[in-house]
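What follows is a single structure, written as structure tokens, with notes after it.
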Amino acid sequence: GELEKARVCFEEELKLKPQLEKAHLNLGAVFEKRGKIELAVREYKAAIAISPRFPEAISGLGQILMNQRKYPELESLAGRAVEEGIESADIYFQLGVALATQSKMERAKWAFTRSLSLNPLRPLALANLGRIAFEQGNYDEAISYYDRALRLDARNSSYLVMAGSIFLEHKKDPEKALSYYRRALQADPYGPYAASVRELIKKLESGPPG
């Protein structure tokens, strides 16, 4: 298929120019798409060895580490890139994920904010900031971040459920919660949240007991 043709093309290119970092990057991307993750890692690392400040190769390797949940290794990779002054929305985002999963919340917040300054159209960065604000007890701030994320990804049921839960449990505003839960169910009527959201809607619509 097309991926096999691309692999042959990039491998031939590397035979002629073994120090061509972009060919290593492209070959790594082909291997990743084919599910050959070890070979993809090899090629991304080869690209970085040739060009240590190559953001696409760093973020390519970072994405694999993130998928594999190798967060300390990801923090090291992305943190080093940031310290060296590499400005990449993807790398800052990956650093934020690595830090947040290790409960380094203030630095994670900084990394997600930097990612958004480079790419404001990243709802997942906003949702992560919402999650951090929620865990720190800043519920109004959390709702603001989830609402901003929803402006970019209006049918994301997980954002809608999270915002609804904040209104229900922490803001004590069942009407607002109900509006978010209804939107969540409409957005994804058969998804992982659907059954519990239906139950919550039913309870809220029936009003308080007694």
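The values are calculated or read from the model by the stated rules, or taken from the named source; none is laboratory data. Fair warning: this is a prediction, and the values are worked out from it, not measured in the lab. Methodologically, a virtual Cβ is constructed for each residue, glycine included, from the backbone with ideal geometry; neighbour enumeration extends over all protein chains shown. Accessible surface is based on the protein model in full, side chains and every heavy atom, while ligands, DNA and RNA are left aside. Shrake-Rupley method; radii C 1.70, N 1.55, O 1.52, S 1.80 Å.
Checked against (1) crowded, with 22+ Cβ neighbours inside 10 Å; (2) over 30 Å from P72 (Cβ atoms), L126 passes all but condition (2). The criterion of being surrounded by 15 or more Cβ atoms within 10 Å (Cβ to Cβ) and over 15 Å from the mean Cα position of the chain (by Cα) holds for L160.
For region 54-111, the set of residues classified as out of contact with any Phe, Trp or Tyr (no Cβ under 7 Å at 6 or more places or on another chain) and of a type in the set (S, T, N, Q) consists of S59, Q63, N67, Q68, S76, S88, Q94, S103, listed by residue number. Can you tell me which residue in region 32-65 is most open to solvent (accessible area, probe 1.4 Å), limited to those that are of a type in the set (G, A, S) and within 19 Å of L14 (Cβ to Cβ)? Selected residue: A49. Annotation: of all residues in region 66-77 being touching a residue at least 24 places away in the same chain (Cβ under 8 Å) and part of a helix (DSSP H, G or I), the one that is least open to solvent (accessible area, probe 1.4 Å) is L74. If you take the residues of region 9-26 that are part of a loop (DSSP other than H, G, I, E, B) and open to solvent by 70 Å² or more (accessible area, probe 1.4 Å), which of them is farthest from I48 (Cα to Cα)? Per the criteria, the residue is K17.
Selection of first residues in region 47-63 that are in a helix (DSSP H, G or I) and of second residues that are open to solvent by 70 Å² or more (accessible area, probe 1.4 Å), restricted to Cβ pairs under 6 Å at least 6 apart or on distinct chains, gives the following pairs, ordered by first then second residue: I50/Q19.
Let me spell it out: the conditions are (1) over 25 Å from G79 (Cβ atoms); (2) out of contact with any helix residue (DSSP H, G or I) (no Cβ under 6 Å at 6 or more places or on another chain), and A142 meets all of them except one. Which number is the exception? Failed condition: (2). Taking region 133-143 as the range and being open to solvent by less than 60 Å² (accessible area, probe 1.4 Å) and under 18 Å from the mean Cα position of the chain (by Cα) as the test, the residues that pass are A133, F134, A142. The set of residues in region 175-210 that are within 18 Å of A142 (Cβ to Cβ), of a type outside the set (D, E, K, R) and surrounded by fewer than 18 Cβ atoms within 10 Å (Cβ to Cβ) contains only S179. Determine the pairs where a residue that is in a loop (DSSP other than H, G, I, E, B), located within region 92-103, has a partner that is buried (at least 21 other Cβ atoms within 10 Å of the Cβ) and charged (D, E, K, R) with Cβ atoms under 8 Å apart, the partner being 6 or more residues away or on another chain. As it stands, the answer is Q102/E75, since those pairs meet every condition given. Considering every residue within region 23-30, establish whether at least one is β-branched (V, I, T) and in contact with a Ser or Thr (Cβ under 8 Å, 6 or more places away or on another chain). No, because not a single residue in region 23-30 is β-branched (V, I, T) and in contact with a Ser or Thr (Cβ under 8 Å, 6 or more places away or on another chain).
The residues on offer are R182, R155, R151, and the sole one that is of a type in the set (K, R) and over 24 Å from the mean Cα position of the chain (by Cα) is R182. Right, L168: modelled with pLDDT of 95 or more and touching a Pro at 6+ places or on another chain (Cβ under 7 Å) or not? Taking the combined requirement at face value, the residue satisfies it.
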